[in-house]
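The values are calculated or read from the model by the stated rules, or taken from the named source; none is laboratory data. What you are looking at is a predicted structure, and each value in this text was computed from that prediction instead of being measured. We place every Cβ from the backbone using ideal geometry, glycine too, and count neighbours over all the protein chains shown. Just the protein is used for accessible areas: all its heavy atoms, side chains included, with ligands, DNA and RNA removed. Shrake-Rupley method; radii C 1.70, N 1.55, O 1.52, S 1.80 Å.
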Amino acid sequence: MRAVICRAWGEVEDLAVEDVAPPVPGPGEVLIEVKATGINYADALLVAGRYQTKPPLPFSPGLETAGVVVGCGAGVTRFTPGNRVMAVLAYGGLAERAVAAEAETFAIPDGMSFEEAGAFPIAYISSHVAIRWQGRLEAGETLLVLGAAGGVGLTAVEIGKAMGARVIAGASTPEKLAVARERGADEGVNYATENLTERVMALTDGKGADVCFDPVGGELFDAALSALGWGGRILLVGFVGGVQQIPANRLLVKHRAALGSSLRYFRWHAPDKLRRSVEELMRWYGEGKLRPLVTHRLPLERSVEAIRLLTDRKAHGKIVVVPGAR
């Protein structure tokens, strides 16, 4: 099979498509013929050797995928060959075939395309577990979403609306804010031209946001923290703009909380909450409340370009690699 191969830690430009032996599913695993794989910022970290986990070299990046089951390891009971599935992966999605744990593989709902499914697991599940279980967002509260037109940010906008919250989208261009509004955001703040804190306070009559979803970090974190009201919760889900620096005194004086959220925690230590998150997401999709936005579809040979579109912040929505595309 063809696969994008990383043979040494470094830049994504060093990745190459090679012919390699297909993986073999072990006990409790399914073998998937890949139809579409979503690209994530973490793919670049994985290749650089700076991710929280390090696969054995050589390996294929790709942390989520969608396709058709073509084989099952011993003990698999939920899937059989021919099933349409999406999965969260340890690695290996940028290939024509990938292996996934049965527990982290989910049936693709009726009406969802492979490209939507390939872009679904990491972004939607990561956002849901953060907002539902860490942020404890309640209907009627205000959710501030930074990077609201990004692949993860857009899912947070949709999830916030599905949970009954008022959503304020933060983004760096009018075009990105328009995308967020099209996905349901009630208000928008262009933090490239407006003062984020002042604008959020004005939109909330001085009360501030109840929850902030922050996949960006950097200088925006300080302004977002100041935009929280009493008892506000800021969710740290990424740091593409720089690692957040948290002043503990400013948490204390307004009874705020800064909460990290890692999908790995729910995969490894809270599988029941993960299952409940996926069930709720699938129900919302069926109700038309979630509409995955795939803006770029590239063949396997252009995987480096796909990753760079994301890391250089030149795309909104999700980017997928389609092995069968030419």
Of the residues in region 311-326, those that are open to solvent by 70 Å² or more (accessible area, probe 1.4 Å) and in contact with a helix residue (DSSP H, G or I) (Cβ under 7 Å, 6 or more places away or on another chain) come to none
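Looking for whichever is closer than 21 Å to Pro27 by Cβ and touching a residue at least 40 places away in the same chain (Cβ under 8 Å) here; the options are Ala74, Ala44, Ala66. Which one fits?
Numbers: Ala44 fails: closer than 21 Å to Pro27 by Cβ; Ala66 fails: closer than 21 Å to Pro27 by Cβ.
Just one listed residue meets the conditions, Ala74.
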Having 2 or more residues that are under 29 Å from Glu182 (Cα atoms) and open to solvent by 50 Å² or more (accessible area, probe 1.4 Å) is the bar; report the helices (runs of 4 or more DSSP H) wholly within region 213-310 that clear it. 219-226, 271-286
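If we keep just the residues of region 56-67 that are among the aliphatic types (A, V, I, L, M) and open to solvent by less than 30 Å² (accessible area, probe 1.4 Å), which is nearest to Ala117 (Cα to Cα)? Spell out the reasoning first.
Our first condition is that a residue be among the aliphatic types (A, V, I, L, M); within region 56-67, this holds for 57, 63, 66.
Still in the list and also open to solvent by less than 30 Å² (accessible area, probe 1.4 Å): 63, 66.
Working: Leu63: 13, Ala66: 6 Å.
Filtering first and then ranking leaves Ala66.
When region 192-212 is examined, which residues are found to be in a loop (DSSP other than H, G, I, E, B) and surrounded by fewer than 20 Cβ atoms within 10 Å (Cβ to Cβ)? Let's see the steps before the verdict.
In the first step, residues of region 192-212 are kept if they are in a loop (DSSP other than H, G, I, E, B); the result is 192-195, 204-208.
The answer is Ala192, Thr193, Glu194, Asn195, Thr204, Asp205, Gly206, Lys207.
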Is there a residue in region 4-27 that is in a helix (DSSP H, G or I), within 20 Å of Val321 (Cα to Cα) and either open to solvent by less than 10 Å² (accessible area, probe 1.4 Å) or among the aromatic types (Phe, Trp, Tyr) (or both)? yes
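Just the residues that are open to solvent by 50 Å² or more (accessible area, probe 1.4 Å) and not charged (D, E, K, R), please, taken from region 28-50.
Within region 28-50, the first condition is being open to solvent by 50 Å² or more (accessible area, probe 1.4 Å), and the residues that meet it are 29, 33, 35, 41, 50.
If the condition is that a residue be open to solvent by 50 Å² or more (accessible area, probe 1.4 Å) and not charged (D, E, K, R), then Tyr41 is the only one that fits.
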Here are Arg78, Arg50: which of them is in contact with an Asp or Glu (Cβ under 9 Å, 6 or more places away or on another chain) and not hydrophobic (A, V, I, L, M, F, W, C)? Arg78
Output the number of the condition that Gly324 fails; it satisfies all remaining conditions of (1) under 18 Å from Thr65 (Cβ atoms); (2) more than 17 Å from the chain's Cα centre (by Cα); (3) assigned to a helix (DSSP H, G or I). (3)
Any idea which of (1) in contact with a helix residue (DSSP H, G or I) (Cβ under 9 Å, 6 or more places away or on another chain); (2) outside any loop (DSSP other than H, G, I, E, B) is the one Val69 doesn't satisfy? (1)
